[in-house]
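Visitor: I'd like to ask some things about the structure below.
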Amino acid sequence: MFVLVVLTIIPVAPLVFVVRCVRSIAGRRGLRTRGHRAWGVVVDVGATWVPSRSNPGSGQYVHHPVVRYRGDDGYERQAVSEVGTRRVRFRPGEQIVVVYDPANPDRVRPEAMLGSGGFGNWLGLVLSIVLFLALAAGAATFWYLKLS
């Protein structure tokens with residue numbers, strides 16, 4: 001009985017990754033298509049230490065540009081980019097085009113870092129769907145053989 005329950009539940013696991021990939025792709029695409037563009041100036045570059053998951057005690061810095069820009073409403077804002085890089089890509093004083101969410105002006109990214117949804121997200125989505133179909137087919141075959 002335990003095997004039947006496990007074989008029924010396991011095919012659902014890849015769907016969690018499907019949802020995660022779709023949400024990430026949609027978030028990037030949403031800002032790229034609905035976001036407003038403005039010229040901004042990099043005023044600082046913040047560094048955040050990100051520990052390694054596989055090697056305790058090691059990690060790397062992720063650099064997020066802090067940008068001052070003027071929104072469509074005329075107000076000047078300063079925000080930290082929601083994406084960062086391992087190397088310093090922008091320098092203080094540099095003028096860049098930023099894309100921001102008009103509903104949440106603190107959600108900002110340099111236009112150069114928008115991307116298309118991320119190759120990793122697309123690859124993860126395709127592999128998760130293939131894995132789901134393979135596991136579902138295996139479970140269906142097992143159920144069919146068990147019941148016949």
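Rule-based calculations on the coordinates, nothing more; no lab input. Just so you know, these numbers come straight off a predicted model, no measurement behind them. Backbone-built Cβ (ideal geometry, glycine too); neighbour counts: all protein chains shown.
Visitor: Taking the simple approach of a point 7 Å from Cα along Cα-to-Cβ for both Arg32 and Thr141, what is their distance in nm?
Guide: 3.7
Visitor: Further question: Give me the dipole magnitude in Debye, nearest 20, for the stretch 87-141 about the Cα centre, with unit charges on the beta carbon: positive for Lys and Arg, negative for Asp and Glu.
Guide: That gives a dipole near 200 debye.
Visitor: Additional query: Points 7 angstrom from Cα along the Cβ direction at Ala134 and Ser148: gap in nanometres?
Guide: 2.3
Visitor: Could you work out which residue, out of Arg70, Arg91, Arg53, moves most in a Gaussian network model of the chain, that is, has the largest mean-square fluctuation with Cα springs under 10 Å?
Guide: Arg53
Visitor: Springs between alpha-carbon pairs under 10 angstrom, Gaussian network model over the chain: which of Arg109, Arg32, Arg89 fluctuates most?
Guide: Highest fluctuation among the options: Arg89.
Visitor: Quick check: pseudo-label points 7 Å beyond the Cα along Cα→Cβ at Asp72 and Ala47, how many nm apart are they?
Guide: My value for the distance between the label points is 3.8 nm.
Visitor: What residue among Gly138, Gly124, Gly71 has the largest mean-square fluctuation in a Gaussian network model of the chain, using Cα springs under 10 Å?
Guide: Between Gly138, Gly124, Gly71, it is Gly138 that shows the largest mean-square fluctuation.
Visitor: Now, a different point. Kindly state, to the nearest 0.05, the FRET efficiency for Leu123 paired with Val19, given R0 = 22 Å and r defined as their beta-carbon distance.
Guide: For R0 = 22 Å, the calculated efficiency reads 0.90.
Visitor: With the dipole of the chain worked out from charges on the C-beta (+1 for Lys and Arg, -1 for Asp and Glu) around the Cα centre, which of Val108, Leu127, Leu31 lies farthest toward the positive end?
Guide: The one lying farthest along the dipole's positive direction is Leu127.
Visitor: Mind checking the dipole of the chain: about its Cα centre, +1 per Lys or Arg Cβ, -1 per Asp or Glu Cβ, Debye to the nearest 20?
Guide: Taking the Cα centre of the chain as origin, the dipole is about 260 debye.
Visitor: Taking just the alpha carbons, could you work out the radius of gyration and Dmax for the stretch 2-147, both in angstroms?
Guide: Spelled out, the Cα radius of gyration and Dmax of the stretch 2-147 are 21.3, 70 Å.
Visitor: Arrange the following residues from fewest to most other Cβ atoms within 10 Å of their Cβ: Thr48, Thr33. Provide the component values of the computation, followed by the final result.
Guide: Details: Thr48 12, Thr33 9.
Fewest to most other Cβ atoms nearby, the residues stand as Thr33, Thr48.
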